[in-house]
Amino acid sequence: MQMTVPAERVTADARRAGPGAERGTMAIGDFLLRRLQQAGVGHVFGVPGDFNLELLQQLEDAGAPRWIGTCNELNASYAADGYARLNGIAALITTQAVGALSAINGVGGSYSEHVPVICICGSLPLRSLERGLGMHHTMADYSQDRFLRAYEQVTAAAVRLTPRNAVTEIDRLILTAWRDKLPVYLELPSDIAYLDIEVPAEPFTLEDPPSDPERLRSCAAAIAGRLSGAKSPAILVDVDADRFGVANEVHGLAEKLQAPVAVAMTCKAVIDETFPYYVGIYNGAGSMPSQAREAIESSDCLLAIGYRRVDLTSGNFTDSLPAGTIHARGHSADVGEDNYQAVRLQDVLRAVTGAVPQVTNRAARPVVPAQPTAASSRGDGSGKLTQAAYWETIQGYIRSGDVIIAEDGTSYASLALDLPPKCTFVAQAIWGSIGYTVGSLLGALAAAPGRRHLLFVGDGSFQLTAQEVSTMLRHDYKPVIFLINNGGYTVERGYLGKNARYNDVANWAYADLPQVFRPGTAARSFVVKTTGELQEALSAPNDQLIFIEAVMDPLDSPAGVIAEGNSGAETDYGPRGPQHRGNMQIRERGLRLSAEGL
Ligand SMILES: Cc1ncc(C[n+]2csc(CCOP(=O)(O)OP(=O)(O)O)c2C)c(N)n1
Ligand SMILES: [Mg+2]
């Protein structure tokens, strides 16, 4: 599609003032859309409403960014999150309160997972606020700031635009989102989008302020000194390594030090899993493979990048990072007693890599990741499909460059897949809002339409956001959707309620949904109950959306998922909790907390 930006009218005064001082007038809504495009936002997700229609009309007139209407705002917030993870930044448009509050769960997730999403809410006209008019989509109590304040809790910055602050606040909020890798919220009152204001003519560039040169030098020297003097340096990577775009720098540093690199559960595949110094996922006692734990915990100089310690990244607090761990973050670092501010992560890693000598005597890949188990469980392919056979078969389907999106539930077994180079793995590991992946898949498809996208999702999670498959079909996207139909919330049965009714869900004809969502679609649907049937489905070409419903036993769960559930129940309910009554959890005999053999 042709990208057009509404013409601005350069004033005669501005022209006379000479180059660099040029300003023009532009409608506030057009200016906002222009800034989004300049920030790299090519698609916007959301749902129309009377308070945002005037902005959507401006978007329609301009023809860009491209509008992707979703079935509801929650899904739009997930889509924007998925889009930003692949594109670097995203935008979402909702309407006053009813739309904004539907999206707030997803925006909270973006905050938790450090994803920059620009949330724009078409809100009450300023005339109504000034005159105290009671309006729809409110509590009818004439209050003015409730929803702005709600969004203050889940964003790095939240503001109501006015004709006076629009230029500075639009730029400030977009830059804040990009610099801090966090969502922001702008309320655009519905009666100002068409008002002309003076705007700067120069384009907008997403840049960080440069590092402080002295702080950078001393920080890099301190880190390089420690790493060079260590016998067993190691690197632990969390999501910020991805968000701040330093995966290449981490590879370079690890290569120079010949040091093992592990990732947290939050950022599988951020480090190429075939990289000789990649050792696996560090998660305390649940590390995969367990040698990754050894490499991290026995290091005499650990460099942790953006590490955040929560139950799911620490193996339920069974972790133990070495004393003196160096913590590098997006814009600061802790080295021993010293805290360095105004140091950009990328600058720090480059300077450290430049300063450390090339090591030549440490073995590459000191730990060999666990190999998939033997194919014995598959038999002749006619046996009932088990979780073990399912994931073993999926392993053979993954290819270089795939985008893999993994939902909470037994689909988290995909964390144990060995991924070839150039794969992207998307999961909402910390926030963990089920249904996230269906919306997120839509966003990922829009951001990277040339790649193959695989969604792994359970029936229970799918039921929250299933309608968004219709949007994928509407836009002719061709992902592969792997849905596990096991009659309910199997992962929860490992916490509590192994046979409880509250862990059951209604059975749907899942594989029929593509036809329901887009009558006449050429999407390929399969219901598979054996490994042989799964194999056959996997031989379908990727020229259409593929939907594979795999029917499995409600009590069949990967060992690592059971272990997480069992140990999670100890944290959640304590030692006297109901999980200790007889037969209340799926358990695996003799299973220790280890995600090995997922
Ligand atoms: C929005 C939200 N509601 C509830 C939960 C609690 N929860 C976590 S996993 C899960 C069940 C997932 O079931 P399913 O998708 O069928 O996966 P399975 O383990 O059965 O493969 C639930 C209800 C949650 N994480 N998020
Ligand atoms: Mg299920």
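I'd like to compare 504-510, 42-48, 461-467, 474-480: which one has the highest average count of other Cβ atoms within 10 Å, and what's the full order after that?
42-48, 461-467, 474-480, 504-510
Using Cα pairs closer than 8 Å and at least 6 residues apart in sequence, work out the relative contact order for region 187-338, in percent. It would help to have the intermediate numbers written out before the result.
Working: 228 pairs, mean separation 33.6, N = 152.
Here the relative contact order equals 22 percent.
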*Under a point spin-label approximation (7 Å from Cα along Cα-to-Cβ), what is the ARG474-SER232 distance to one decimal in nm?*
5.6 nm
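As a test of the formula, what do you get for the chain when each DSSP H run with n ≥ 4 contributes -39,500 (n - 2.57) and the sum is divided by the residue count, at 222 nm and rounded to the nearest 500 deg cm²/dmol? Write out the running numbers ahead of the final one.
Values: 21 runs with 203 residues, N = 598.
Taking each H run of at least 4 residues, the total per residue is -10000 deg cm²/dmol.
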_What is the percent carbon and sulfur in the accessible area of region 283-354, measuring with a 1.4 Å probe over the protein chains and ignoring ligands?_
46 percent
_Between ARG581 and ARG66, what is 0.36 nm times their sequence separation minus the Cα-Cα distance? Round to one decimal in nm._
180.0 nm
_Using protein chains only and a probe of 1.4 angstrom, how many square angstrom of TYR502 are accessible, to the nearest 10?_
130 Å²
_Beta bridge orientation in the chain: antiparallel %, DSSP, nearest 5_ = 20 percent
*Does region 517-595 come out rounded, prolate or oblate by the C-alpha gyration tensor, with a ≥ b ≥ c the root eigenvalues, rounded set by a/c under 1.5 and, if not, prolate when a/b is larger than b/c and oblate if not?*
prolate
*Considering only protein heavy atoms, with the full assembly of protein chains and a 1.4 angstrom probe, order SER290, SER211 by accessible area, largest first.*
SER290, SER211
*Evaluate the distance, in nm, between pseudo-label points positioned 7 Å from the Cα of VAL310 and of ASP191 along their respective Cα→Cβ axes.*
4.2 nm
_Total lysine pairs whose alpha carbons fall under 19 Å of each other in the chain (8 or more apart, or interchain)_ = 4
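For region 177-284, rounded, prolate or oblate, judged on the Cα gyration tensor with a ≥ b ≥ c (square roots of eigenvalues), a/c < 1.5 rounded, else prolate if a/b > b/c?
prolate
Given a Förster distance of 35 angstrom, what is the FRET efficiency for ASN542 paired with GLN463, based on the Cβ-Cβ distance and rounded to 0.05? Kindly include the intermediate steps, with their values, before the conclusion.
Values: r = 26 Å, r/R0 = 0.74.
After rounding to 0.05, the efficiency reads 0.85.
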*Would you calculate the separation in nanometres between label points at GLU297 and SER320, each defined as 7 Å from the Cα along the Cα-to-beta-carbon direction?*
0.6 nm
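For ARG149, ARG85, ARG217, give me the order by solvent-accessible area with a 1.4 Å probe, most accessible first, ignoring ligands, DNA and RNA. Intermediate values should be presented prior to the final figure.
Values: ARG149 135, ARG85 35, ARG217 160 Å².
Descending order: ARG217, ARG149, ARG85.
Can you pull the percent of region 383-454's accessible area that's carbon plus sulfur, 1.4 Å probe, other chains left in place? Working shown, then result.
Numbers: 1100 of 1910 Å².
Heavy-atom surface of region 383-454 belonging to carbon and sulfur, 1.4 Å probe: 58 percent.
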*Per-residue SASA entry for ASP180, accessible area with 1.4 Å probe, Å² rounded to 10*: 70 Å²
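Can you send over the carbon and sulfur percentage of the accessible area for region 117-246, probe radius 1.4 Å, protein chains only? Could you put the intermediate results ahead of the total?
Working: 2920 of 5710 Å².
Carbon and sulfur: 51 percent of the exposed surface of region 117-246.
Could you tally the net charge around ASP459, taking each other residue with its Cβ under 11 Å from the Cβ of ASP459, Lys/Arg +1 and Asp/Glu -1?
Details: positive: none; negative: GLU407, ASP504, GLU549.
Taking every other residue near ASP459 into account, the sum is -3.
How much area per residue is accessible in the chain when the probe is 1.4 Å and only protein heavy atoms are counted (Å²)? Please list the in-between numbers first.
On the way: 23630 Å² over 598 residues.
I get 40 Å² per residue for the chain.
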*Given Cα pairs under 8 Å that are at least 6 residues apart, what percent is the relative contact order of the chain?*
13 percent
_Shape call, region 223-340: gyration tensor on alpha carbons, a/c limit 1.5_ = rounded
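The values are calculated or read from the model by the stated rules, or taken from the named source; none is laboratory data. The structure presented is a predicted model; accordingly, all values stated were derived computationally and were not measured. Every residue, glycine among them, receives a Cβ derived from its backbone with ideal geometry; neighbour counts consider all protein chains shown. Keep in mind that these areas ignore ligands, DNA and RNA; they rest on the heavy atoms of the full protein, side chains included. Shrake-Rupley method; radii C 1.70, N 1.55, O 1.52, S 1.80 Å.
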